[in-house]
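Beneath this line is the structure, given in structure tokens, with notes to follow.
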Amino acid sequence: MAKTGVLGLYSDANYAAEAGDGLQRMGISDNDYDFLTGAPYPEGAFGEKESSHRLYVFPFVGALCGLTAGILLTSMTQMAYPLVTGGKPILSLPPMAIVTYEGTMLGAILFTVLGIIFESRLPRPSLGLYDDRITEGYVGVLVECEPEEVDRVEQVLTQAGAEDIKRGKV
Amino acid sequence: MQEGRALADRQINRDLLHTIFTHPKWQWGLIAFFGIIVLGAMCAAGYMFNRGLGVSGLNRPVMWGFFITNFVFWIGISHAGVMLSAILRLSKAEWRRPATRAAEVLTVFSLMTAMLMPLIHAGRPWRVFYWVFPFDWARGVYPNVRSALIWDPSAVFTYLTSSTLFVYIALLPDLAVIRDRSTGIRRQIYSVLALGWRGNPRQWKLQIIAGVLLSALILPVFVSVHSIVSFDFSMAIAVKSWHSTIFPPYFVIGAVHSGVAAVVIVMAVMRWLYGWQEYIRPEHFDALGRLLVVVATGWFFFFVLEFFFGLYSLEADEIAVKDFLSAQAPWSWWFITFVGTTYFIPVGMWLFKGVRRNPGLMIIACISVNIGMWLERFLIIVPGLAQKQVMNFTYFTYAPSVVEVVIVIGTFALVCMLMLLFAKVFPLIPLYDIKEGEIARDEIQIGRRKVPAVLREE
């Protein structure tokens, strides 16, 4: 059966953290609830588990792609019209290094940006269960649970001090 | 560094988004004012394209004048933005918070403006594609990667792309705030731009890492860009006063000097225009003023070295250029004005705390820096090209035409107009950064005093 979403809204971060503790005691898995905030809190402020990511791989892959593209671009354009200048080799390495360097950095930055978006699980076509008050300072505790657990989850959220509770699709 | 009072999220949203949700007439009036100047500059450029470069003051041997001076100037301004933002992010300086977005946006707009200058200078802008774009438009001839004029667009393009993406990534959480406060078509547009941002711990963690990681990646690009711009000059063997190895660091530090000063001007104007006294406080100007004293003195060191190297080599051509620059009026007057306005006047002012904490006086000092830095680029380019050297009877100095003056004034109006337009659709101070500062702020008791403190996560 499809899971249901419950969103509790808290005006105080401490209450939201208590709600997280309550959900854990209730047996809700770490993967099934999340905290939504309008500002970055220190990691672990709500007792959430540390999320792992592979963002650091992206710049390296991008840099490698940019390096390859830079070398190919600078060498192939010179080879395409091999005009000997001053008896020097066709491929002139110092200028190639400059353009290749810029290509490498561009690749690294483009891939990093893609990595940030990908690892942040964006773009999201729909906001799902959400409340505009979250960007006004409220902390949202978003729980994904079985339909039969909804009442108990709402009770835990309310006991922790939720000012409002919403149901819907996550 | 926490002199302001504590602010609630709702108040931060209201204060920093009022530029977007309210529409006072003066804003549109200012935008229209700058727009008219830009239109005038466009007409001047159109006239020049139609009649040819003959309507400018450019002539042999001075074929680079106001346009290229302005190009180097705007590239310099663009450097402060990301440099300031990146270094302050990496060093976790608490006072960075209200300054980063404006600095980054200034980078993007000044880079875009800088890129216009060589296009206009080319006289036939569409032909630039033949020697810049990596494609064989005709006869199998690709751009010549051995030319410094190819390195330049590759570096500037990388920097512009990186800076724009940097701004966009940092905007994501703020776009979500605007989305949540909007209705109708505006909400739909901001929903698309915010990519469905919800603000869970994973997204915030990546946002913070992104700021640091992108800063670390953009910093080397920033150093390379102005170094490569300096190669346009230092690789030119034929112009003796340009052919110097000190140019890259001299250009980079000069760019930082003019750029940080420009950020101060933008911050002071923002504070005055939008009433952001709670966010941009005297302590921020004080910190920037102290930073500027260090940067200006670093720049002065390189300036003295550059001048000294020219004389120490005992090359007749170099000495002739220095003589032309420093002993022959009116160039010597420009030279004195340049040194005075770039270093002695502003640094003399910044030595006083009262000046550093006064936004009005900071604007005066920073405008002085930018007048000086514009003159610096002009005095590097024109006297070198004028070739008033021993046994040379074909020298020619340079006087800009009205067309060039109008176009240069237009670029300043363009950047002002773009900044104002940006402020109409996006927040110029990062909301989430200010909110994070509020979460981390605290007061601790040391002995009998309560002092402001910031909790910092490592």
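A residue that is more than 12 Å from chain A (Cβ to nearest Cβ), in a helix (DSSP H, G or I), in contact (Cβ under 8 Å) with a residue 60 or more places away in the chain and surrounded by 22 or more Cβ atoms within 10 Å (Cβ to Cβ) cannot be found anywhere in segment B:206-223. Does B:W74 satisfy being crowded, with 20+ Cβ neighbours inside 10 Å, among the aromatic types (F, W, Y) and at negative phi? Spelling it out, B:W74 is indeed crowded, with 20+ Cβ neighbours inside 10 Å, among the aromatic types (F, W, Y) and at negative phi.
Residue-level analysis places B:Q203 among those that are within 13 Å of chain A (Cβ to nearest Cβ) and either in contact with a Ser or Thr (Cβ under 6 Å, 6 or more places away or on another chain) or of a type in the set (F, W, Y) (or both).
Within segment A:47-106, the set of residues being closer than 21 Å to B:V221 by Cβ, within 10 Å of another protein chain (Cβ to nearest Cβ) and in contact (Cβ under 8 Å) with a residue 40 or more places away in the chain comprises A:L55, A:F58, A:P59, A:G62, A:A63, A:G66, A:T104, A:M105, A:L106.
Considering A:A97, A:A80, A:A39, A:A69, the condition of being aliphatic (A, V, I, L, M) and modelled with pLDDT under 90 is satisfied by A:A80 alone.
Taken over segment B:90-104, the criterion of being crowded, with 21+ Cβ neighbours inside 10 Å and assigned to a helix (DSSP H, G or I) is satisfied by B:R96, B:T100, B:R101, B:A102, B:A103, B:E104. Applying the condition of being within 9 Å of chain A (Cβ to nearest Cβ) and polar (S, T, N, Q) to segment B:178-200 and asking which residue is farthest from the chain's Cα centre (by Cα) yields B:N200.
Here B:L175 meets each of (1) at the interface with another protein chain (Cβ under 10 Å from one of its Cβ atoms); (2) under 27 Å from the mean Cα position of the chain (by Cα); (3) within 30 Å of A:P123 (Cα to Cα); (4) crowded, with 17+ Cβ neighbours inside 10 Å with one exception, condition (1). Among the residues of segment B:294-337, those identified as of a type in the set (S, T, N, Q) and assigned to a helix (DSSP H, G or I) are B:T297, B:S326, B:S332, B:T337.
Kindly indicate whether A:P125 is modelled with pLDDT of 90 or more, closer than 30 Å to A:S11 by Cα and either facing another protein chain (nearest Cβ under 7 Å) or surrounded by fewer than 18 Cβ atoms within 10 Å (Cβ to Cβ) (or both). No. Going through segment A:107-116 one residue at a time, which ones are facing another protein chain (nearest Cβ under 7 Å) and more than 30 Å from B:D232 (Cβ to Cβ)? Selection gives A:I116 alone. Applying the set (1) modelled with pLDDT of 90 or more; (2) closer than 24 Å to A:T158 by Cβ; (3) away from chain B (no Cβ under 13 Å); (4) surrounded by 14 or more Cβ atoms within 10 Å (Cβ to Cβ) to A:K3 leaves exactly one unmet item: (1). The residue list B:T164, B:T107 contains one member that is in contact with a helix residue (DSSP H, G or I) (Cβ under 6 Å, 6 or more places away or on another chain), surrounded by fewer than 18 Cβ atoms within 10 Å (Cβ to Cβ) and outside any loop (DSSP other than H, G, I, E, B), which is B:T164.
Could you please let me know if B:Y159 is surrounded by fewer than 16 Cβ atoms within 10 Å (Cβ to Cβ) and either basic (K, R) or more than 8 Å from chain A (Cβ to nearest Cβ) (or both)? The answer is no for B:Y159.
Residue pairs whose Cβ atoms lie under 9 Å apart, sitting 6 or more positions apart in sequence or on different chains, and linking a residue in segment A:12-25 that is over 14 Å from A:R152 (Cα atoms) to a partner that is polar (S, T, N, Q) and in a helix (DSSP H, G or I), are A:E18/A:Q159. When restricted to residues that are hydrophobic (A, V, I, L, M, F, W, C) and surrounded by fewer than 16 Cβ atoms within 10 Å (Cβ to Cβ), segment B:313-329 contains 4. Tell me, which residue of segment B:137-149 that is more than 7 Å from chain A (Cβ to nearest Cβ) and of a type outside the set (G, A, S) is nearest to the chain's Cα centre (by Cα)? So the residue we want is B:L149. The single condition among (1) at negative phi; (2) in the same structural domain as A:L36 (by TED's automatic domain parsing) that A:G137 does not satisfy is (1). Checking segment A:133-154 against the condition returns a match, with at least one residue being crowded, with 21+ Cβ neighbours inside 10 Å, part of a loop (DSSP other than H, G, I, E, B), within 12 Å of chain B (Cβ to nearest Cβ) and touching a strand residue (DSSP E or B) at 6+ places or on another chain (Cβ under 7 Å).
When the residues of segment A:25-45 are filtered to those that are more than 7 Å from chain B (Cβ to nearest Cβ) and surrounded by 14 or more Cβ atoms within 10 Å (Cβ to Cβ), the one that is nearest to B:L214 (Cα to Cα) is A:A45.
The values are calculated or read from the model by the stated rules, or taken from the named source; none is laboratory data. Just so you know, these numbers come straight off a predicted model, no measurement behind them. Neighbour counts are summed over all protein chains in view; Cβ atoms, including those assigned to glycine, are modelled from backbone coordinates with ideal geometry.
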